[in-house]
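Worksheet: one structure, shown below.
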Amino acid sequence: MRQRFLIIGAGIAGLTVAQEILKKGGEVTLIDSGVNHSSRIAAGQINPLVFRRMTKSWRVDEFLPFARNYYEELEKQTGRSILVHSTIRRLFAHEQEKELWLVKQDLEEFEPYMEKITPNDLNFVHAKNTFGSGRVKQSFFVNSENFLDSALSELLKSTNFQYVKAKFDYHDLNVNTGEYKGVYYDKIIFCEGFQNKDNPWFQAIKIDPTKGQVLTIQSDSIYSEESLNRKCFVIPTANNIFKVGSTYEWHNDTIDNTDTARLEIEENLKTLVSESYTVVEQKAGIRPTTYDRRPILGIHPEHERLAIFNGLGAKGYLIAPFLAQEFAAYLIESKPLDREVLLARFYKK
Ligand SMILES: Cc1cc2nc3c(=O)[nH]c(=O)nc-3n(C[C@H](O)[C@H](O)[C@H](O)COP(=O)(O)OP(=O)(O)OC[C@H]3O[C@@H](n4cnc5c(N)ncnc54)[C@H](O)[C@@H]3O)c2cc1C
């Protein structure tokens, strides 16, 4: 008999894990309240580097090719634009950053991600440039709205999938039998993002809500052939339209737009470009962050029917597709998970 899964949350975590479970022959009901405060707000940028320390992003050699194939496949299936090629150009913040790039660009492990700096990069004229710039190979961004709508519409094609637009009611779940509103489930997987704070069974997990605000701006003259980066990102998303952001407001789960954030983003933008622009829109969202910057995957230590996939932090679009596949293999085929993501770390005595 098919195993039956109930998934709570249709952000990138819930959608990717639903897809992987269906591939492995499971049956899925996905419940979502219909209001999303993270995956839909995200800029969706895929950056294999961490500029602050000029290191590679965690497990990027595994995550990046998988994510790219995943989005390209979804694009083929739906005919919608999801993966948008846009090289990230890092304008160096200081001389040491440039020196670090120059050292790393010759190392084998960085070769797939760093273009070697050319005279054109040093003298790049389409942004305020004091220390030169470097281009990130294999960088792109995901159109988050198109992704969420396409991923759900693909799932709905399966006869083993059901979508319910509703708030999940914790009181209606029998954790011992797996019964929820008259239906029995083998596993209930919580993919609630920062809203995990309301979950009575996963209180031991501290998801730190990190608020982020993003501006959409219109400009006829800002450089649009690449994404610019220094203190903020400037991603060209359509004709003369750019996403600019984002703020990092720690321990903050409010979802209103603030003038303080808008001013901060605009100040950062002005240190990067001098062209004029108009702010078209402002949005706020909440990243589900963990103390050790690692996601959380696993089965509850006391309630074996309850599982969690959360803590995607600031990089959900890079890491979720691969982790979802690992998680489905863990749940259905008992394959081990990477030690760093284990839920067990929150229950250590
Ligand atoms: C401003 C900003 C910029 C970002 N930029 C990037 C970026 O450039 N690149 C990148 O990779 N990542 C980025 N991120 C991070 C990325 O968005 C997150 O890692 C990711 O969205 C987390 O996904 P999630 O599915 O865990 O949570 P969410 O997207 O929050 O999904 C959780 C879902 O669960 C539902 N839910 C919760 N509780 C219940 C309940 N009781 N009943 C029913 N439904 C429920 C919610 O309605 C929601 O739809 C950004 C985030 C923000 C806020």
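The values are calculated or read from the model by the stated rules, or taken from the named source; none is laboratory data. It should be emphasised that the depicted structure is a prediction, and the values quoted were computed from it without experimental measurement. Note that each Cβ is placed from the backbone with ideal geometry, even for glycine, and that neighbours are counted across all protein chains shown.
Annotations
- Positions within the stretch 246-259 being touching a residue at least 60 places away in the same chain (Cβ under 8 Å) and either assigned to a helix (DSSP H, G or I) or surrounded by 21 or more Cβ atoms within 10 Å (Cβ to Cβ) (or both), in sequence order: SER246
- Total residues in the stretch 300-316, condition surrounded by fewer than 24 Cβ atoms within 10 Å (Cβ to Cβ) and touching a residue at least 60 places away in the same chain (Cβ under 8 Å): 8
- Selected residue (only one of LYS211, LYS243, LYS206 is within 21 Å of the chain's Cα centre (by Cα), within 16 Å of the ligand (Cβ to nearest atom) and outside any strand (DSSP E or B)): LYS206
- When the test is whether a residue is of a type in the set (Phe, Trp, Tyr), modelled with pLDDT of 95 or more and under 17 Å from the mean Cα position of the chain (by Cα), TYR317 passes it.
- Count of the stretch 172-199 residues which are in a helix (DSSP H, G or I) and either more than 18 Å from ALA10 (Cβ to Cβ) or more than 11 Å from the ligand (Cβ to nearest atom) (or both): 2
- Scanning the stretch 39-88 for residues that are under 18 Å from GLU115 (Cα atoms), among the hydrophobic types (A, V, I, L, M, F, W, C) and crowded, with 17+ Cβ neighbours inside 10 Å turns up ILE46, LEU49, PHE51, MET54, VAL60, LEU64, ILE88.
- Among the residues making up the stretch 154-171, those that are of a type outside the set (A, V, I, L, M), away from the ligand (no atom under 11 Å from the Cβ) and surrounded by 14 or more Cβ atoms within 10 Å (Cβ to Cβ) are GLU154, SER158, ASN160, PHE161, GLN162, TYR163.
- Test: ALA10 is in contact (Cβ under 8 Å) with a residue 60 or more places away in the chain, of a type outside the set (S, T, N, Q) and within 16 Å of the ligand (Cβ to nearest atom): yes
- Residue count for the stretch 260-276 under the criterion of being under 25 Å from the mean Cα position of the chain (by Cα), surrounded by fewer than 19 Cβ atoms within 10 Å (Cβ to Cβ) and in contact (Cβ under 8 Å) with a residue 24 or more places away in the chain: the result is 3.
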